[in-house]
Amino acid sequence: MSVKIFIDGQAGTTGLGIAQRLGALAAVSLVTLDEAHRKDEAARADAMARADLTVLCLPDDAARAAVALAPAGTRILDASTAHRTAPGWVYGFAEMAPGQAQRIAAAQHVANPGCYATGAIALLRPLTALGLLPAGMNLSINAVSGYSGGGKALIAAHEAQGGPPFELYALGLGHKHLPEIVEYTRLARRPLFVPSVGHFAQGMLVCVPLFLDQLAGRPQAASLVQAYADYYAGTAHVAVHPDVWSQNLQPEALNGTDGLEIFVSANEAQGQAVLIARLDNLGKGASGAAVQNIRLMLGEEHV
């Protein structure tokens, strides 16, 4: 018996990625609308009613309107920013904390995480949970992403001949992923977040520089590596490099996968370290995470 999934907003980058991944699963059938009915509210509500799960790949306001439109009892996975810190919604980062996968599986409403937020939370939540990182600590987060997550205009600019090699952006220091980063890292002080875009389609590095003597117990870098390894032991999609890292890192190494890697780089003599998360911004950072959440919500044995 197949499960039925309706993707509202299937034509976008994330929607297409989810549909492609689901298309490879024999137990899934997609509820689709023709072009003439994709914005028809009655047709969309009927599609939600016929589906076992609705996935929203819409702008924030449209996602909120879709939730209001949904028939009572509709199970929804929202890939927009709209509900990531909203009451009644479960955050869809299964490896974030013990029991989170079970909360996702039982939820009616799940918010898929942002790509940058996934990397930042993967790095910081274990340290706050273990009491190593003071919640009020001054932090900066630096990240670079492939241009595929930036929307049609940015994609067109980078795919044009002579596209920009590198761009800093969100320099008003108010990137839309910050609320969920603060919420789920359990930080008491909002970090400085400086994202950037490189001239490559997919891939992401998220970096958090630290002074080790500002952490509880003044741990060595190897102790941080072990803390991450213990925290993520047994998870399917998060891998921790077993040693302190001293080589170069390329952002595209996990492209086409749904994995996330964690590295700790350090200069012990200077008491400095950099925490690094690597992921595919379209994989674990978007469509891959969505399919992982779909599997949890509908039951692994059914998808």
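Remarks
- Amide hydrogen neighbours beyond the local backbone of Ala266, cut-off 5 Å, H modeled: Trp245, Val274
- Residue by residue, segment 71-81 carries 3J(HN,Hα) couplings of x, 3, x, 4, 8, 10, 10, 9, 8, 7, 7 Hz when phi is fed to the Karplus relation 6.51 cos²θ - 1.76 cosθ + 1.60 (θ = phi - 60°); x denotes Gly or Pro.
- Met297 exposes around 10 Å² of accessible area when a 1.4 Å probe is run over every protein chain in place.
- With θ taken as phi - 60° and the Karplus curve 6.51 cos²θ - 1.76 cosθ + 1.60 applied, the whole-hertz 3J(HN,Hα) list for segment 237-246 is 10, 10, 10, 10, 5, x, 10, 5, 8, 9 Hz, x standing for glycine and proline.
- For the chain, the longest principal axis of the Cα atoms and the long axis of helix 41-50 meet at an angle of about 80 degrees.
- From phi via Karplus (6.51, -1.76, 1.60), per-residue ³J(HN,Hα) for segment 174-190 in Hz, x at Gly/Pro: x, 4, 5, 7, 4, x, 6, 4, 5, 4, 9, 7, 6, 7, 8, 10, 5
- In degrees, nearest ten, helix 60-69 long axis to first principal axis of the chain (Cα): 40
- Considering helices alone, the calculated mean residue ellipticity of the chain at 222 nm is -9000 deg cm²/dmol, with DSSP H runs of length four and up weighted by -39500 (n - 2.57) and normalised per residue.
- Straight-line reach from Lys176: taking Cα to Cα under 22 Å and skipping same-chain neighbours fewer than 8 places apart, the lysines in range are Lys152, Lys284.
- Computed from Cα positions, the angle between helix 221-231 and the longest principal axis of the chain comes to roughly 30 degrees.
- When peptides 234-246, 151-163 are ranked by their average number of other Cβ atoms within 10 Å per residue, the highest-first order is 234-246, 151-163.
- (1) 19.0; (2) 19.9; (3) 20.8, with the label sought being that of the calculated Kirkwood radius over Cα pairs in Å: (2)
- Distribution of pairwise C-alpha distances over segment 181-303, 5 Å bins, in %: 2, 10, 16, 19, 21, 16, 9, 4, 2, 1, 0
- Averaged per residue, the chain has 45 square angstrom of accessible surface, using a 1.4 angstrom probe with ligands and nucleic acids left out.
- Here the gap between Ala43 and Ser196, fully extended at 0.36 nm per residue and compared with their Cα-Cα distance, gives a gain of 51.2 nm.
- Ratio of the Cα radius of gyration of segment 261-303 to 2.2 N^0.38 Å, where N counts its residues: 1.83
- Taking amide hydrogens as placed 1.01 Å from N in the peptide plane, the amide H of Val28 sits under 5 Å from those of Val3, each at least 5 positions away in sequence or on another chain.
The values are calculated or read from the model by the stated rules, or taken from the named source; none is laboratory data. None of these values were measured; they are calculated from a predicted model. So basically every Cβ, Gly included, is an ideal-geometry build from the backbone, and we count neighbours across all protein chains shown. Quick note on the areas: whole protein, heavy atoms, side chains included, nothing else; ligands and nucleic acids left out. Shrake-Rupley method; radii C 1.70, N 1.55, O 1.52, S 1.80 Å.
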